[in-house]
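Structure, as structure tokens:
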Amino acid sequence: MSMRLIKKLLLTASLLAAGSWTADLLACGYCYFLPEEYYVYRISPNYLRRVEVDPAYLPGSDENCQLWMQQLKAETIGPEEVYEIVYKADLDSLASLAVYNAFATILLDNPEALKVLRLAKDCEKARFAVTQDPWYYPVSDDSEHQNLEQILLRARDCTSELFRSRYFLQEIRALFTLGRYQEILGRWEAEKDKLPDDILKQLTFRYIAGAEFNIGEVDKAVEMFLSIGDLTSALSCKQLYQMPDLDAAVELDVNYKGIRELLENEMRTYCFCWVVDPDRQTDRLTDIRALCDKALAKNPADKAVWYYTAAYIEYFKDNYPAAKKLLKKARKAPGVDEVLEGSIRVLGILNDARSSRHGFFYERRLLRDLKWLDAQIVNNLTDDVREQTAGDSGWMMRANLSYYYWNDMMRALTLGILAPDYIKAGKPVKALQLANMADNRLLGLTGIDHYDYVNGQFSITQGVPYKEYLGREEVWKPVYSNNFFEMADSLSTGKVAAYVKRALQPKNEFDRFTAERGYVDADYLNDIVGTKYIRDRRYADAVKYLEKLPEGFQNRLNTKQYLDAYTLHAKLDHARSMLDYEEEMRASDPAVVARAKFNYGQELMMQYQMHWALSYYGWSAYPAEYVEKANEEGMNYAEKMIVEGMETMPDKEEAAMMQYEMCNFKTAAEKYPGTEAAGWVVANCDTWEDYHRENPIQWNIQ
Amino acid sequence: MRKVLLFIGISLLLLSCGRGRSGDGEAFRGIYYWKTDFRITPSDSAFLCGHRIDRIYLRYFDVILANKAITGHTGPIPSATLTFSSPIPEGVEIVPVVFITLEALKDVTVSGKAGECAAKIFTRIDAMSRAHGIGPLREIQIDCDYTERTRDGYFALCNALAAILEPRGISLTSTLRLHQLRDTPPPVDAVSLMLYNTDNFRRSDVDNSILNPATVKTYLKGNYPLPTSIALPLYSWGIWMRDGSFHAILHKSEYGDTLLYRAGEDNRVTVLKDHVVEGHNLLRGDVIRMESSPIETVSEVCRYARERLGSRSVILYHLDSLGLSRYSFEQIEQLYEYATD
């Protein structure tokens, strides 16, 4: 069984142990990943993005286009225009291209530039005829050979100092295709110091490395290719096709400058891709772990990244003591830069959280770590992150999609590790404190964009301050669709009430720290507790919380459209009404008691059906089946009350009317003959059915 | 005067090396060259000259099925092309040999592009020959261990090649394995019967997969309808086995280090200590089966084949001075004499 599956099961088990699961069914429609599935491994700013090279992309083409622009003093034209002419166009059509392409116009006025570009294209064509055909074998008298010899002559007839490098590049390319490798090396020695250090020299250098390879200087060629970051060519030299690039790079040159990118790509694939087969994942991570040791044995310049990677793999495999030791080495090793330093500290924090008992001493460290993480969240907040978060109301964050490292890591720590552990340990208040902070901190910094449609016009108000936004009536509130809410909605009401008390009256620095960074709004929290008490049928407790809410608070709820439009405080009114019925059930008059039970049962049945919004929040339209299923006990109790009410009503007319109200027409007619209800049934019904008796609970009370 | 006599003597020596190309149907002395770099050492020259070798069967390239992921190409392509580090010896005819893998042959068969493939093979052979001053070509040989299923494809390829070569006065020959003796002969002018690799080297119960006279005799029953030259082995190798399973062929010939190997009573050597040989990780307990081409066995097979097939031409496999140094001049000369007397 994979570690990820085990972790999912543990989280599920902990939430089940903590309370009702129904809230999760309702609330969690947003989670793409779990909080512990955030990208933790980070050794470069591009840690989230696999850089896929477009196979059609020609290395160096961007820089070459830029150089053309500089050389022809055409820096104002678009590089895509240069690209079209240099890499795609047929120069015989230059005049017609000049109609819309500014670079073509410039070339037509510059015979020297045109001459060298034509040379390059002719050389490419001649080379293509040779290199693209694997069956071709050069013979001095074949036409391909002749063409290349002509190209060579033209390339050696350099008439422009400005384009000297370009001529030289074509000369080398022609020689390469002719297989005159020694000559290439000789020419390189003669010319290399005269060439400017630009993209053309780099492009030429590849052929020099190729020439070395072709004369048998394989190791030298490998070194040269690696020095310009061309791992593919280096691997080809050594015929290391079957080896993964990362392993081959370590084999060839542990200081290869592209190693961090290779490491990151591999780790991203095998640690964070949920489609990877767990067995394959384990095997490859074991290989990479061994590769770390192999790389470190070669004493690389960038030791820190290898220690960090090894530490991460040990952490991933739950080997926390080993991870700790490796992290200690990583901190002091050469190669630590700002990015890696932060990642090492984060991994240390996570490792500590996983491996420590969460007692007094740990919690002191936790507060220190949370403060540090919070400072990173605040100080590194970019416009991109701000726009993303405010623009989607924190959707990506709630879905646990990795996009802002510092906030992601704070959530990985609090929601992925600590909150479940605290719930299991019987410390739900701490869990809720951390979850509230995790879900609301970033939104508190970025605000939310408010989209509106007024007078036929669509408008956006960007970055409305979070609390102000949540106070508005007409907007959808993200605070009813996040981890904190799901946790609060699923834990027992008493525990949530204890949290609310602590949140509103903090006792220590930890309480204050988390409250300041969460969404601690008295109305929001009191409404949650009151609603849960309604769900629990503890109407007296519900009233205590709901009567603290201002009138009209329900208009701020996402479920407002499902609440009674005729009252501004539907939940409170309902709770009071049920409380009244409970009071009446203690009366001495059996008719009053029976009627109270009957009404109570009906209202309770509606509380779970049509009026589900009184005790649940939901996230879309009518989730009645969820509510009914989750409150089977409550529904059974409601039914019991209805039946008891009907059967204990001493007044026959009332009893008959109750049966009639419940559409038990047969019972009304047969058991209570002579009553008004029975008379109506006899006069109007062909078939006497007991609709409710036959289908209790599913009966939709009107 | 002394200088004149010396000049005449050297000229006579050079002229006497090789008897020039024998005409079609005449017996000849040949040797295969199967390395990827054509580099003739002084001992190779001495061998060629001393044994008056008429023809070198020179592997020009293999034809394999392209791996698109690596090469970007599809279909059959040339591979392991010979490089020329030495000039072609004077007085020796070069016969280009092209080996075709089964995968490439299957592709040619399925695609029906035998004609196209044949044209490419010839164009490349021709270019290589012209580039290195080889020619005029009188013969081209194709080598392929075709099976029953790929036979038709192979024959189609041979027909297509023959159609190209015939107008040019070049004959087409093919290698032939023992198991192919019983099949329909390929559409070529002559064959070289490979009397080596007679058994499956992967099997642990085989003693010498290079040459087993009993196996040869099983197959050689009578005449063959095409002119047939005999190809004989003069090489050795080690077959690396572990737990009875084949692992690799080792070209190292010496296993005398008693710290690493223990010789058995038969031709098997047991590895005593983990170590690396030719890039392979040998473990303690592995077994290396030493296989060679004893001159007595080679001679016996040569005699037998000559009697059965009436063959007079012999091609030895292969020109490798280290391997050939295990045989005396007379022993080798006797093999050629068997064939050409």
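Any idea which residue in the range A:360-400 is modelled with the lowest pLDDT, counting only those that are small (Gly, Ala, Ser) and assigned to a helix (DSSP H, G or I)? Only one residue tops the list, namely A:391.
Yes/no matrix, rows are residues, columns are (1) modelled with pLDDT under 90; (2) more than 25 Å from residue A:236 (Cβ to Cβ):
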residue: A:257; (1), (2): yes, no
residue: A:286; (1), (2): yes, yes
residue: A:312; (1), (2): no, yes
residue: A:319; (1), (2): no, yes
residue: A:322; (1), (2): no, yes
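The set of residues in the range B:117-140 that are within 10 Å of chain A (Cβ to nearest Cβ) and small (Gly, Ala, Ser) comprises B:119, B:127, B:129, B:131.
For the range B:35-43, indicate whether the set of residues that are at pLDDT below 95, within 14 Å of chain A (Cβ to nearest Cβ), under 23 Å from residue A:132 (Cα atoms) and part of a helix (DSSP H, G or I) is non-empty. No, that holds for no residue. Residues in the range B:270-286 that are more than 27 Å from the chain's Cα centre (by Cα) and not basic (Lys, Arg): B:270, B:271, B:272, B:274, B:275, B:276, B:281, B:282, B:283, B:285, B:286. Within the range A:342-395, the set of residues being of a type in the set (Phe, Trp, Tyr) and touching a residue at least 60 places away in the same chain (Cβ under 8 Å) comprises just one member, A:395. Close Cβ contacts (under 8 Å, 6 or more residues apart or on different chains) running from residues in the range B:271-284 that are under 20 Å from residue B:251 (Cβ atoms) to residues that are surrounded by 12 or more Cβ atoms within 10 Å (Cβ to Cβ) and among the hydroxyl-bearing types (Ser, Thr, Tyr) comprise B:271/B:261. The set of residues in the range A:206-227 being more than 13 Å from residue A:183 (Cα to Cα) and among the charged types (D, E, K, R) consists of A:206, A:217, A:219, A:220, A:223.
Given the structure, is residue A:168 within 14 Å of chain B (Cβ to nearest Cβ) and either part of a loop (DSSP other than H, G, I, E, B) or out of contact with any strand residue (DSSP E or B) (no Cβ under 9 Å at 6 or more places or on another chain) (or both)? Taking the combined requirement at face value, the residue does not satisfy it. Meeting the requirement of 3 or more residues that are buried (at least 16 other Cβ atoms within 10 Å of the Cβ) and among the aromatic types (Phe, Trp, Tyr), the helices (runs of 4 or more DSSP H) wholly within the range A:181-266 are A:199-214.
Screening residue A:72 on (1) modelled with pLDDT of 50 or more; (2) under 17 Å from the mean Cα position of the chain (by Cα) shows it passes everything except condition (2). Of everything in the range A:672-702 that is at pLDDT 85 or above and of a type in the set (S, T, N, Q), the residue that is nearest to residue A:602 (Cα to Cα) is A:675. The residues of the range B:217-265 that are within 17 Å of the chain's Cα centre (by Cα), among the hydrophobic types (A, V, I, L, M, F, W, C) and more than 23 Å from residue B:283 (Cβ to Cβ), listed by number, are B:230, B:231, B:232, B:234. Of all the residues in the range A:300-341, those that are in a loop (DSSP other than H, G, I, E, B) and free of Cβ contacts under 8 Å to residues at least 40 places away in the same chain number 6. Is it the case, given these coordinates, that residue A:125 is surrounded by fewer than 16 Cβ atoms within 10 Å (Cβ to Cβ) and either within 14 Å of chain B (Cβ to nearest Cβ) or more than 30 Å from residue B:68 (Cα to Cα) (or both)? When the stated conditions are applied, residue A:125 does not pass them. Exactly one of (1) free of Cβ contacts under 8 Å to residues at least 60 places away in the same chain; (2) farther than 22 Å from residue B:214 by Cβ; (3) of a type in the set (Gly, Ala, Ser) is unmet by residue B:321. Its number? Of (1) free of Cβ contacts under 8 Å to residues at least 60 places away in the same chain; (2) farther than 22 Å from residue B:214 by Cβ; (3) of a type in the set (Gly, Ala, Ser), only one is false for residue B:321: (1).
Residue A:137 meets each of the listed conditions (1) within 14 Å of chain B (Cβ to nearest Cβ); (2) surrounded by fewer than 20 Cβ atoms within 10 Å (Cβ to Cβ) apart from (2).
For the range B:63-74, a residue qualifies if it is modelled with pLDDT of 85 or more and within 9 Å of chain A (Cβ to nearest Cβ), and exactly one does: B:66. Hey, among the residues in the range B:85-99 that are within 14 Å of another protein chain (Cβ to nearest Cβ) and modelled with pLDDT of 90 or more, which one's surrounded by the most Cβ atoms within 10 Å (Cβ to Cβ)? Among residues in the range B:85-99 that are within 14 Å of another protein chain (Cβ to nearest Cβ) and modelled with pLDDT of 90 or more, the one surrounded by the most Cβ atoms within 10 Å (Cβ to Cβ) is B:96. Scanning the range B:123-142 for residues that are under 15 Å from residue B:188 (Cα atoms) and surrounded by 20 or more Cβ atoms within 10 Å (Cβ to Cβ) yields B:139, B:140, B:141, B:142. Of the listed requirements (1) of a type outside the set (D, E, K, R); (2) surrounded by fewer than 16 Cβ atoms within 10 Å (Cβ to Cβ); (3) within 14 Å of another protein chain (Cβ to nearest Cβ); (4) closer than 19 Å to residue B:62 by Cβ, residue B:111 misses just one: (3).
The values are calculated or read from the model by the stated rules, or taken from the named source; none is laboratory data. Owing to the predicted nature of the structure, the values given are computational and were not obtained by experimental measurement. Positions of Cβ are backbone-derived with ideal geometry, glycine not excepted, and every protein chain shown enters the neighbour counts.
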